[in-house]
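For reference, the structure discussed in these notes is given below.
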Amino acid sequence: MNPDDPRARRSRARLRTTILELAADKDPAAITMSEVARHAGVNRATVYQHFPDIDALVTDAMDDAVAHVARAAALCPLDAPRDEAPPPLAELFQHVADHASLYRRMLGAHGSALFSARLRERLTAELGASFRQGRRPPGYDDVPVDTHAAYLAGALTGVIATWITDTAPAPPPETALAFWRLFRPQPPGG
């Protein structure tokens, strides 16, 4: 199969759309490849030509969302006041809230380990690149850039997962501000 073939691209797009629609209504672990094929209007072999399993399909389908989250996290300005979440961070949490059912399913107890790992890896890469371009918070010169980026990526992924799976999640602006305050701790004596 040639991934550049227009038919292959259309099939992949249809499969991505279908899995996101299905995952909005039920846990990805409960979705079968046969169900995806039936809803996408393709045969099961076509699904397997493109993706080895549901986890790979749903993770691939969420790639744009992962990229959006990672870019937003990396764009946070270092000079934003501690008591005001930067707009990119506020937008990140609003994006997750706008797609809450899907993120809840993907990051919940029966969610996708592959998706969680992809989100964390992409966040680590984006933050690491941002830090290397001089956008690293001061005071961490004694910590390797990649370790610092991985630490923050893991923390952000954990905060998003805990927040979005809470039975009564706080409003996005409140959660964005709480995370920002953790990211920008108050200076000693301040």
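The values are calculated or read from the model by the stated rules, or taken from the named source; none is laboratory data. Because the structure is a prediction, the values reported are computed rather than measured. Here the Cβ is made from the backbone with ideal geometry for all residues, glycine too, and neighbour counts use every protein chain on show. Note: accessible area is taken over every heavy atom of the protein model, side chains too, but ligands, DNA and RNA are not part of it. Shrake-Rupley method; radii C 1.70, N 1.55, O 1.52, S 1.80 Å.
Which pairs do you get when a residue that is free of Cβ contacts under 8 Å to residues at least 60 places away in the same chain, found in segment 134-145, comes within reach of a residue that is acidic (Asp, Glu), reach meaning Cβ atoms under 6 angstrom, with the pair 6+ apart or on two chains?
none
Any idea how many residues of segment 112-137 are closer than 30 Å to Asp27 by Cβ, open to solvent by 30 Å² or more (accessible area, probe 1.4 Å) and part of a loop (DSSP other than H, G, I, E, B)?
Total satisfying the criteria: 0.
Look at Thr167 and say whether it is of a type in the set (Ser, Thr, Tyr), surrounded by fewer than 20 Cβ atoms within 10 Å (Cβ to Cβ), out of contact with any helix residue (DSSP H, G or I) (no Cβ under 6 Å at 6 or more places or on another chain) and not in a helix (DSSP H, G or I).
yes
For segment 100-111, which residues satisfy the criterion of being open to solvent by 70 Å² or more (accessible area, probe 1.4 Å) and either farther than 22 Å from Met62 by Cα or assigned to a helix (DSSP H, G or I) (or both)?
Listed by number, the list holds a single entry, Arg104.
Between a residue in segment 51-75 that is within 17 Å of Phe93 (Cβ to Cβ) and any residue that is modelled with pLDDT of 85 or more and polar (S, T, N, Q), which pairs come within a Cβ distance under 6 Å, given they are 6 or more apart or on different chains?
Short answer, once both residue conditions are applied: Ala74/Ser130.
Which of the residues belonging to segment 138-158 are surrounded by 18 or more Cβ atoms within 10 Å (Cβ to Cβ) and not small (Gly, Ala, Ser)?
Result: His148, Leu152, Leu156, Thr157.
Among the numbered criteria (1) at pLDDT below 90; (2) open to solvent by 80 Å² or more (accessible area, probe 1.4 Å); (3) assigned to a helix (DSSP H, G or I), which one does Asn2 miss?
(3)
Which residues, taken from segment 1-38, are among the basic types (Lys, Arg) and touching a helix residue (DSSP H, G or I) at 6+ places or on another chain (Cβ under 7 Å)?
If the condition is that a residue be among the basic types (Lys, Arg) and touching a helix residue (DSSP H, G or I) at 6+ places or on another chain (Cβ under 7 Å), then Arg12, Arg14, Arg16 are the ones that fit.
I'd like to check something: does segment 65-86 contain any residue that is touching a Cys at 6+ places or on another chain (Cβ under 9 Å), modelled with pLDDT of 90 or more and not hydrophobic (A, V, I, L, M, F, W, C)?
Yes, that holds for at least one residue.
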